[in-house]
1. Restricting to segment 282-310, name every residue that is farther than 10 Å from residue 152 by Cβ, part of a loop (DSSP other than H, G, I, E, B) and in contact with a helix residue (DSSP H, G or I) (Cβ under 7 Å, 6 or more places away or on another chain).
2. Going through segment 52-74 one residue at a time, which ones are farther than 21 Å from residue 181 by Cβ and within 16 Å of the chain's Cα centre (by Cα)?
3. Just one of 257, 249 is more than 19 Å from residue 193 (Cβ to Cβ), free of Cβ contacts under 8 Å to residues at least 60 places away in the same chain and outside any loop (DSSP other than H, G, I, E, B); which is it?
4. Kindly list the number of the only condition in (1) at pLDDT 95 or above; (2) outside any strand (DSSP E or B); (3) over 22 Å from the mean Cα position of the chain (by Cα) that fails for residue 39.
5. Search segment 166-187 for residues being surrounded by fewer than 15 Cβ atoms within 10 Å (Cβ to Cβ) and touching a strand residue (DSSP E or B) at 6+ places or on another chain (Cβ under 8 Å), and hand back the single one that is farthest from residue 40 (Cα to Cα).
6. What about residue 146, is it within 18 Å of the chain's Cα centre (by Cα) and surrounded by fewer than 19 Cβ atoms within 10 Å (Cβ to Cβ)?
7. Looking only at segment 61-83, which residues are closer than 17 Å to residue 41 by Cβ and touching a helix residue (DSSP H, G or I) at 6+ places or on another chain (Cβ under 9 Å)?
8. Tell me, please, whether a residue that is assigned to a helix (DSSP H, G or I) and either surrounded by fewer than 17 Cβ atoms within 10 Å (Cβ to Cβ) or in contact with a helix residue (DSSP H, G or I) (Cβ under 7 Å, 6 or more places away or on another chain) (or both) can be found in segment 220-242.
């Protein structure tokens, strides 16, 4: 039922409510003191309250017997908040705050972690496996890694790129990165089983845009991965005062300590193993997603203490990553 409500809310978006004061952090940057600080301000400009439009289009079939799907569009309202900012490391948490038929629907969405001149980056290595990949001195010079995590803070993909400021545009562009199928594709059991994608984050007046250039690939036929179809994804974040962000902020205030311990548990496995093995699930991303999210919901509802949830969450991650 929860999944049905979320899907409905994403398709319809949020109805307008009373206007709220604009978020001062949204899309605003201060004059940079250095290239490093200019990059930092670009990353932090993604913080705010947004109406989001998700536009996904398979554009070019790359195999004779494959017909590209019809475009898929959805939308919703989402807040982006700072988890931590230590200077050369910044973490941003996305939380969907949606309203549907009188109900408020909260979903801890994806998380993006940024690291300046990283020595390693966590990359997708094929079904159920992520690996810490070394970043050469030349590749990391002046660069930032972006690691994207799923709703339960299990990994999704990571890449390295640089911010550029040419022609009046503020853009971060990654190198090509492998990534697992998104839910929209995984639930259909398609012929492809992974993406090779390039990310761009473009800061623009009143918001920002996340652009993905994905080649959907199959590795099921033996040999190396084969391209099936090109997909263009444009996710647009427009600053909005037409929804009430407080439920999302209240959720984060109630659960952030729990999620900090969940992140620490994942990080410990990754550091110890040089990566992580966890079973992918089409509907939720990872086998840990539903139970870890449910524990947070119980904390937010006041039916479970954070400490009890942390203990159960650690056990879930330990079991799911045991090989």
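1. Residues satisfying the conditions are 282, 283, 304.
2. Answer for segment 52-74, where residues must be farther than 21 Å from residue 181 by Cβ and within 16 Å of the chain's Cα centre (by Cα): just 53.
3. Numbers: 249 fails: free of Cβ contacts under 8 Å to residues at least 60 places away in the same chain.
Only one candidate qualifies: 257.
4. Failed condition: (3).
5. Among residues in segment 166-187 that are surrounded by fewer than 15 Cβ atoms within 10 Å (Cβ to Cβ) and touching a strand residue (DSSP E or B) at 6+ places or on another chain (Cβ under 8 Å), the one farthest from residue 40 (Cα to Cα) is 184.
6. Numbers: within 18 Å of the chain's Cα centre (by Cα): yes; surrounded by fewer than 19 Cβ atoms within 10 Å (Cβ to Cβ): no.
It is false that residue 146 is within 18 Å of the chain's Cα centre (by Cα) and surrounded by fewer than 19 Cβ atoms within 10 Å (Cβ to Cβ).
7. Matches in segment 61-83: 81, 82.
8. Within segment 220-242, none of the residues are assigned to a helix (DSSP H, G or I) and either surrounded by fewer than 17 Cβ atoms within 10 Å (Cβ to Cβ) or in contact with a helix residue (DSSP H, G or I) (Cβ under 7 Å, 6 or more places away or on another chain) (or both).
The values are calculated or read from the model by the stated rules, or taken from the named source; none is laboratory data. Keep in mind it's a predicted model, so treat the numbers as computed, not measured. Don't worry about glycine lacking a Cβ; one is built from the backbone with ideal geometry, like all the others, and counts go over all protein chains shown.
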